[in-house]
Amino acid sequence: MLVIECKNASKDEAIALGVDQIRRYHEETPEVMVPQMLFTATEAIGFAYGATWNTVRRNLFNWKHEQVGNLEAKVKSFCAVPHLLRLLKDFILFAEKEEELQKYILRQHQTAAVDRVVARALELNRSRGLVWHTQGSGKTYTMIKAAELLFKAPEAEKPTILLMIDRNELEDQMLKNLASVGLGNVAHANSIAELNRLVKADYRGIVVTTIHKFRDMPQT
C-alpha cells in the first residue's frame, strides 16, 4: 500500500529525483503500482508524500512533525498503522477533472481540520466553531470530506449541512465539485423561496446556497 523512495541527500533536488523515479514506476511497470495507494520520497532530511497515479508536483506535500528535522519521527508518525488506515479509509478521494478520473489525498492541515470540524459538530453543548484556511489551501475538499464523514457518523443521525458561498460563480463551482466526487443527496437552493422550502421541510443532506439568500429567513 505504500512506496518509499529514498535518495542520497548529497544530490541536488534529491526528493525531486525520487518523485521522478516514482513516475517511471507508473509509466514503465504500471502493474507494480496497482496495490500501492501512497508514495513517499525522502533524502534523509525532508519527507514528501502523495497519492499514487497523481505525481504532479502541486499534489506532492511535505509531512511535518513537531520534531523539526527528525526524519525518524516523521517516518514513524506517517507510517503508523492507524494513520495509514485513516488515509486509506477517509482521506483519499477521486474526482472527475477535465473528463478524467483523478486521485487526490488530503494534506496534513486538511485532515486535521476535517477531524476537528466533525468532532465540534458532534458536541451537543457547542454551537459554533471556526476553521481558517488561506487561498489555495484546499478548503473545498476539506468541506466535502467533513460533510461526508458527518453523514457516516452514527451519532449524527443524517444531518442537514449548509454549504454557504459568497458569490454566484463559486456556487456553481461547488456544485460541480460535489458532483465530481460522486456525492449524492445534494440540493441547490438557488432562490430565497427554495432555501426556505428546504429548511422548513427539514431536508437531510447538503444544501448549497449563497449567503444573501438568507435574507428574510425566519429565525426559527
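Counting only residues that are closer than 21 Å to Val75 by Cβ and hydrophobic (A, V, I, L, M, F, W, C), which one in the stretch 9-32 is most open to solvent (accessible area, probe 1.4 Å)? Filtering the stretch 9-32 for residues that are closer than 21 Å to Val75 by Cβ and hydrophobic (A, V, I, L, M, F, W, C), the one most open to solvent (accessible area, probe 1.4 Å) comes out as Leu17.
Conditions (1) out of contact with any Lys or Arg (no Cβ under 6 Å at 6 or more places or on another chain); (2) among the polar types (S, T, N, Q); (3) farther than 20 Å from Met143 by Cα, marked per residue:
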residue	(1), (2), (3)
Gln21	yes, yes, yes
Lys64	yes, no, yes
Leu84	yes, no, yes
Gln102	yes, yes, no
Arg116	yes, no, no
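Would you confirm, using the coordinates I've provided, whether Leu106 is open to solvent by less than 70 Å² (accessible area, probe 1.4 Å) and more than 28 Å from Phe78 (Cβ to Cβ)? Against the criterion (open to solvent by less than 70 Å² (accessible area, probe 1.4 Å) and more than 28 Å from Phe78 (Cβ to Cβ)), Leu106 does not qualify. In the stretch 33-51, the residue that is surrounded by the most Cβ atoms within 10 Å (Cβ to Cβ) out of those that are in contact (Cβ under 8 Å) with a residue 24 or more places away in the chain and outside any strand (DSSP E or B) is Glu43. Within the stretch 1-14, residues that are touching a residue at least 12 places away in the same chain (Cβ under 8 Å) have Cβ atoms under 7 Å from residues that are surrounded by 12 or more Cβ atoms within 10 Å (Cβ to Cβ) and of a type in the set (Asp, Glu) in these pairs: Lys7/Glu43; Asn8/Glu43; Ala9/Glu43; Ala14/Glu43, counting only partners at least 6 apart in sequence or on another chain. Figure legend. Inter-residue proximity from the stretch 113-128: first residues under 12 Å from Pro159 (Cβ atoms), second residues not in a loop (DSSP other than H, G, I, E, B) and not aliphatic (A, V, I, L, M), beta-carbon distance below 7 Å, spacing 6+ or different chains. Indicated pairs: Leu122/Glu155.
The values are calculated or read from the model by the stated rules, or taken from the named source; none is laboratory data. Note that the structure is predicted; figures quoted are calculated from it, not measured. Using ideal geometry, Cβ is built from the backbone for each residue, glycine included, and neighbour counts are taken over all protein chains shown. What goes into the accessible areas is simple: the full protein's heavy atoms, side chains included, and nothing from ligands, DNA or RNA. Shrake-Rupley method; radii C 1.70, N 1.55, O 1.52, S 1.80 Å.
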